[in-house]
Amino acid sequence: MDSTAQDFQPRTFSIKLWPPSESTRLMLIERMTKNLSAECIFSRKYGILSKEEAHENAKRIEGACFASAEEHFKKEPDGDGSSAVQLYAKETSKLMLEVLKKGPRTTEPEAPVVDTPLEPADTVFDISGGKRAFIEAEEAKELLSPLTKPGNSYKRICFSNRSFGIGAANVAGPILESIKSQLTEVDISDFVAGRPEDEALDVMRIFSKALAGCVLRYLNISDNALGEKGVRAFTELLKSQGDLEELYVMNDGISGEAAKALSELIPSTEKLKVLHFHNNMTGDEGAMSIAEMVKRSPNLESFRCSATRIGSDGGVALAEALGTCTRLKKLDIRDNLFGVEAGVALSKTLPKLGGLVELYLSDLNLENEGTIAIVNVLKQSAPQLEVLEMAGNEITAKAAKAVAECLTAMQSLKKLTLAENELKDDGAVTIAKSLQEGHPGLKELDVSTNLFQRSGARCFAQAVANKPGFVLLNINSNFISDEGVDEVKEILKGGKNSLEVLGPLDENDPEGDPEDDEEEEDDDEEERDGDDNGDGLGSKLQGLKVEEED
């Protein structure tokens with residue numbers, strides 16, 4: 001034992017953060033595409049980009065930034081690549097900001113869910129750019145000085161990404177109170193980050209009192225770790241809001257009690273068009289309160305309640321409440337614990353939602369029964385659907401025929417996601433054949449992690465090879481033989497689209513067996529989530545934000 005201990009030398013590991021793998025680069029492009037085409041303070045000022053234009057810009061930006069970072073890395077090859085990664089992320093953010101400020105091309109811009117006329121830039125006061133920072137009284141006076149100028153015409157304010165202390169809040173309070181009669185949109189998301197709870201609650205109360213009584217159409221209080229205490233700290237503001245058209249309460253720690261408080265405090269949601277509750281801990285109890293809000297929101301056009309820990313009972317309540325929202329265009333309830341019963345309940349509501357354009361139902365434990373119930377009504381009630389996501393629902397070949405019949409009816413489909421299911425070759429072939437004819441607008445198809453082999457892959461390639469404007473085919477994490485991969489590439493080369501539409505195949509297992517590896521594949525996928533280099537590079541790019549330079 002002594003000699004072993006003496007002879008033992010710790011191993012050293014050299015982790016290279018650069019270059020990123022192809023799948024990481026594609027992941028970044030897709031994230032940028034979403035950011036560039038999402039509604040934000042910049043898009044509200046300059047206009048929103050279509051998804052197609054956003055994707056074009058994202059590919060261009062990533063290519064340019066990769067080239068710059070690669071040159072930087074070559075000059076210091078003995079480093080771990082961290083400085084190259086930082087340059088890659090920084091330049092990406094900078095170029096994204098430039099694209100957003102240019103706005104969309106003048107030809108056929110995509111309209112946002114809520115059609116808000118653009119106004120001159122001097123109506124928008126935004127201090128969210130740059131790095132997140134704590135601000136105190138003196139800096140607040142300087143930062144908010146434009147709001148004190150007589151005759152200013154600011155209607156929209158964004159204080160996100162700046163953490164207000166008590167001193168700064170006491171400066172901001174009177175200023176906000178002096179202009180609240182002209183305000184229509186307020187974004188105070190992520191404005192108390194890093195503050196002790198008592199101080200954060202006091203800051204919220206100061207802002208709430210100052211803004212109480214203003215007639216807002218848009219309110220964003222996301223990313224503030226509210227909980228019930230935080231919601232009630234906003235009591236004065238919330239109680240005075242009867243004309244809201246958009247409300248965002250995302251990543252706020254909204255528990256059942258907090259959801260109940262929110263539902264009780266807002267006097268009316270009759271004019272509400274957008275209601276987003278992403279990433280909270282709402283659960284079934286909270287879902288009942290959210291369902292009550294939904295019932296009182298007949299004009300709702302976009303509802304998001306994803307990643308909120310809602311189970312079967314809450315899912316059923318929400319599904320039934322959504323029957324009131326006959327103008328709904330976008331429904332996102334991904335990543336909950338609905339199960340079959342809630343899926344069936346949703347299928348009874350969907351026929352009332354004839355205007356749906358985007359439907360996100362991934363990771364809901366729908367299984368075959370819930371899936372079949374839903375797709376059987378969608379083929380009648382939502383032929384105009386442009387986005388359908390049903391990943392991670394344990395869908396097997398038994399449900400493939402019903403899914404295929406539904407897809408045949410959806411000729412307006414632009415994006416289809418059926419990843420992380422169990423279609424195998426039989427299910428894959430059935431679904432692929434339903435997409436081969438028609439669907440001229442299809443741009444993205446994600447059927448990764450579905451246990452299919454050569455024939456399934458070949459059929460999906462044939463389905464998209466000749467579709468004009470098609471962008472991305474993801475068949476990764478399956479069991480496609482080397483011959484099958486070559487066949488897919490030949491099919492794509494021979495079609496109207498180039499090989500560029502084929503996503504990465506770095507996690508494809510040509511030697512694998514679908515029967516033996518089904519459970520192991522699920523475990524491996526969780527471990528790899530977002531970190532395809534195994535080195536943490538994916539996580540370094542997860543928090544990519546559009547930032548203005550100092």
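The values are calculated or read from the model by the stated rules, or taken from the named source; none is laboratory data. Model, not experiment: these values are computed from the prediction. Ideal geometry is used to build each Cβ from the backbone, glycine not excepted, and the neighbour counts take in all protein chains shown. These accessible areas exclude ligands, DNA and RNA; they are computed on the full protein's heavy atoms, side chains included. Shrake-Rupley method; radii C 1.70, N 1.55, O 1.52, S 1.80 Å.
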Check: Which pairs, out of Lys102/Lys141; Lys352/Lys443; Lys51/Lys90; Lys51/Lys295; Lys149/Lys229; Lys398/Lys433, put more than 25 Å between their alpha-carbon atoms?
Finding: Lys102/Lys141; Lys352/Lys443; Lys51/Lys295; Lys149/Lys229
Next item on the list: Send over a whole-number figure in Å² for the accessible area per residue of the range 405-517, probe 1.4 Å.
Entry: 40
Notebook entry, point to check: Which residues' amide hydrogens lie under 5 Å from the amide hydrogen of Asp126, considering only partners 5 or more residues apart or on another chain, with H built in the peptide plane?
Noted result: Cys158
Notebook entry, point to check: Once label points are set 7 Å from the Cα along Cα→Cβ at both Lys295 and Glu500, what is their separation, rounded to one decimal in nm?
Noted result: 5.3
Notebook entry, point to check: Between Lys348 and Glu71, how many nm apart are label points set 7 Å from Cα along the C-beta direction?
Noted result: 6.4
Note to self: Kirkwood hydrodynamic radius, computed over distinct alpha-carbon pairs, for the range 366-462: how many Å, to one decimal?
What the structure shows: 12.9
Check: So what is the accessible area of the range 262-352 per residue, in Å², with the probe set to 1.4 Å?
Finding: 36
Notebook entry, point to check: Taking the Cα centre of each part, how many Å lie between the range 204-271 and the range 311-360?
Noted result: 24
Notebook entry, point to check: Which entries in the list Lys180/Lys239; Lys401/Lys493; Lys155/Lys329; Lys131/Lys209 go over 19 Å, if you measure between the two C-alpha atoms of each?
Noted result: Lys401/Lys493; Lys155/Lys329; Lys131/Lys209
Checklist line | Sites Val215 and Ser145 - FRET efficiency at Förster radius 35 Å, r taken between beta-carbons, to 0.05 | finding: 0.90
Next item on the list: Could you please state, rounded to a whole Å, how far the C-alpha centre of the range 49-105 is from the C-alpha centre of the range 427-463?
Entry: 32
Checklist line | R0 of 30 Å, Cβ-Cβ distance Glu437-Glu394: FRET efficiency to nearest 0.05 | finding: 0.60
